[in-house]
Amino acid sequence: MTATMAENHAQIKAKLISETRRRFEAEYVTEKSDKYDPRDVERLQQDDNWVESYLSWRHNVVEETLKMLDESFQWRKEICVNDLTESSIPRWLLEIGGIYLHGYDKEGNKLFWIRVKYHIKDQKTILDKKKLIAFWLERYAKRENGKPITVMFDLSDTGLNSIDMDFVRFIINCFKVYYPKYLSKIVIFDMPWIMNAAFKIVKTWLGPEAVSLLKFTSKNEVQDYVSVEYLPPHMGGTDPFKYSYPPLVDDDFQTPLCENGPITSEDETSSKEDIESDGKETLETVPNEEQTALLKKLNPSEPTSKVEENEKGDSKIKSFKKPLSVFKGPLLHISPAEELYFGSTESGEKKTLIVLTNVTKNIVAFKVRTTAPEKYRVKPSNSSCDPGASVDIIVSPHGGFIVSAQDRFLIMAAEMEQSSGTGPAELTQFWKQVPRNKVMEHRLRCHTVESSKPNTLTLKDNAFNMSDKTGEDIYLQKGLLNTSLASKHPQDLREGQGFQMMISSKEMVLQGRWGKKSCFLGRRSPACHSQKSQECFQLQLTTTTRGRRCGAVG
């Protein structure tokens, strides 16, 4: 019986969709084709879900649905919805942070924030504000395709000059006419009593059926709809999020390259290319006997076993030092806490590390997403972590792309049942079924360390163990060493500079960066231009032994 009812319902829906399309084409498009965007008309003929959303909002009454489509399509062309981009919006509107998507309510619906205190009633800017609303809603609709949204009207610290009832009415119409079925509820926070009369008018705009979607809240009630992790502190929440632009705050995260499993042939090729290029450009990858002997002269106190130990390192993936900072989430501890540190081309730190530690008693599935999927390899990016265990995730730029501060990564995690499998098929099915409110999310920004120059290293560092340093270490040590040297007396400072220059010489030599570059102390040596790097190494070694005297040179 149930199967028969479902089949009948599907047939009725298909019939209504077909009738709506036919009548809209015959009764509206033929007369008003110049008032519609052809892309919307074409989509109406192809997208069943889009037609069904209008029908559902009008209770499957085709006549009312056609009127709604007419109004919606005319508005979409007037405001150029299909062509809206970031560049269509004045930058100041994006920077101020009055309208944006961020976080989820307890039902897993995306939150659409309207920070009313940032709005001032002004007819000169009303069109741009409407475009910004349309930009966000269209962007969301294309990505989520029918998933409801919760509007957060934040009226805290709001004065009467911020209340623009025409703008509020436009937002209401967006969900009544332009984006039907997308509205989950409207949460109104901290409404001043003086605005009671205004929001009585809003109720009439919504209509009797939608009035129940209005939720008037204070700091106590708002947590009935949104958990504290997605509420800002002024609402009693713990969300550390602070709006900034660029980039857009909703972070269009996608799957990066090279998801899972052992190193594939493509990865092996990439690793080999990295090693070959490192061998050509530097002397740090596989030291030969002559380099080892010279290194001992530079570090006579360093035991031979240290060099031998470095020679035995993994030839495919250089060793990583664990990141220093930790974000402690309910399911995973994530390190680093906020930023992934990548080195520049000069520093040679091409990869960085994310460490996940499962702090639950169950298996935790995790996924890694990025806003720039074409730029990064992530291994693994879709896997699981046993209770109490840790997983190292290697992130590396791909194909010569440059790391940008606007790139971001998203870690998603959710607990699995004890009986659940953790193979690729099981994980795929798990992520399709897991409720949004059961998923832990944490975002990481990208930071580029400009260069691993001498003053970023401690005196113990040499070219062989430099690969153990993460970008985060280099970034922190740079400030520490500068502070240490600056605190010395002038005479000691000159000696410190001498030691620093000695480190510089060692680093420059071992990286083979002579060519046409200036040599030690900024002077250009003819030998460096005419002889092989080994002869240059010996020349600079002699110069380096006079590091203390060199420190006094201006």
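The values are calculated or read from the model by the stated rules, or taken from the named source; none is laboratory data. Note that the structure is a prediction, hence the values are computed from the model and not measured. Glycine also receives a Cβ, built like all others from the backbone with ideal geometry; neighbour counts cover every protein chain displayed.
Taking region 406-424 as the range and being farther than 13 Å from Lys375 by Cα and exposed (fewer than 13 other Cβ atoms within 10 Å of the Cβ) as the test, the residues that pass are Glu417, Gln418, Ser419, Gly423. For region 219-259, the set of residues classified as modelled with pLDDT of 80 or more, assigned to a loop (DSSP other than H, G, I, E, B), more than 25 Å from Leu93 (Cβ to Cβ) and out of contact with any helix residue (DSSP H, G or I) (no Cβ under 9 Å at 6 or more places or on another chain) consists of Asn220, Glu221, Tyr225, listed by residue number. The single condition among (1) surrounded by 15 or more Cβ atoms within 10 Å (Cβ to Cβ); (2) in contact with a helix residue (DSSP H, G or I) (Cβ under 7 Å, 6 or more places away or on another chain) that Lys106 does not meet is (1). Among the residues of region 176-191, some residue qualifies, meaning at least one is in the same structural domain as Arg115 (by the TED database), touching a Gly at 6+ places or on another chain (Cβ under 7 Å) and not in a strand (DSSP E or B).
Apart from one condition, Glu42 fits all of (1) surrounded by 13 or more Cβ atoms within 10 Å (Cβ to Cβ); (2) among the charged types (D, E, K, R); (3) modelled with pLDDT of 90 or more; the exception is (1).
Of all the residues in region 109-131, those that are surrounded by fewer than 20 Cβ atoms within 10 Å (Cβ to Cβ) and assigned to a helix (DSSP H, G or I) number 7.
Within region 133-155, not a single residue is surrounded by 14 or more Cβ atoms within 10 Å (Cβ to Cβ), assigned to a loop (DSSP other than H, G, I, E, B), assigned by the TED database to the domain that holds Lys110 and more than 31 Å from the chain's Cα centre (by Cα). Listed conditions (1) part of a loop (DSSP other than H, G, I, E, B); (2) of a type outside the set (Gly, Ala, Ser); (3) under 17 Å from the mean Cα position of the chain (by Cα) are all met by Glu417, apart from (3).
Restricting Asp386, Asp392 to residues that are under 19 Å from Glu339 (Cα atoms), modelled with pLDDT under 95, surrounded by fewer than 20 Cβ atoms within 10 Å (Cβ to Cβ) and not hydrophobic (A, V, I, L, M, F, W, C) narrows the list to Asp392.
Listed by first and then second residue, the pairs linking a residue in region 78-99 that is in contact (Cβ under 8 Å) with a residue 24 or more places away in the chain and in the same structural domain as Lys142 (by the TED database) to a residue that is aromatic (Phe, Trp, Tyr) and loosely packed, with under 12 Cβ neighbours inside 10 Å, with Cβ atoms under 9 Å apart and 6 or more places separating them unless they lie on different chains, form an empty list. Quick check: is even one residue across region 366-373 at pLDDT below 85, touching a helix residue (DSSP H, G or I) at 6+ places or on another chain (Cβ under 9 Å) and over 17 Å from Glu441 (Cβ atoms)? For region 366-373, residues at pLDDT below 85, touching a helix residue (DSSP H, G or I) at 6+ places or on another chain (Cβ under 9 Å) and over 17 Å from Glu441 (Cβ atoms): absent. Looking at Leu55, Leu66, just one residue is surrounded by 14 or more Cβ atoms within 10 Å (Cβ to Cβ), over 32 Å from the mean Cα position of the chain (by Cα) and at pLDDT below 95, and that residue is Leu55. Screening Lys219 with (1) loosely packed, with under 12 Cβ neighbours inside 10 Å; (2) of a type in the set (Lys, Arg); (3) under 20 Å from Arg115 (Cβ atoms) gives one miss only, at (1).
Of the strands (runs of 3 or more DSSP E) lying entirely inside region 356-410, those containing at least 3 residues that are in contact with a Cys (Cβ under 7 Å, 6 or more places away or on another chain) are 376-379. Counted as qualifying within region 13-100 are no helices (runs of 4 or more DSSP H), as none has 3 or more residues that are touching a strand residue (DSSP E or B) at 6+ places or on another chain (Cβ under 8 Å) and under 30 Å from Ser244 (Cα atoms).
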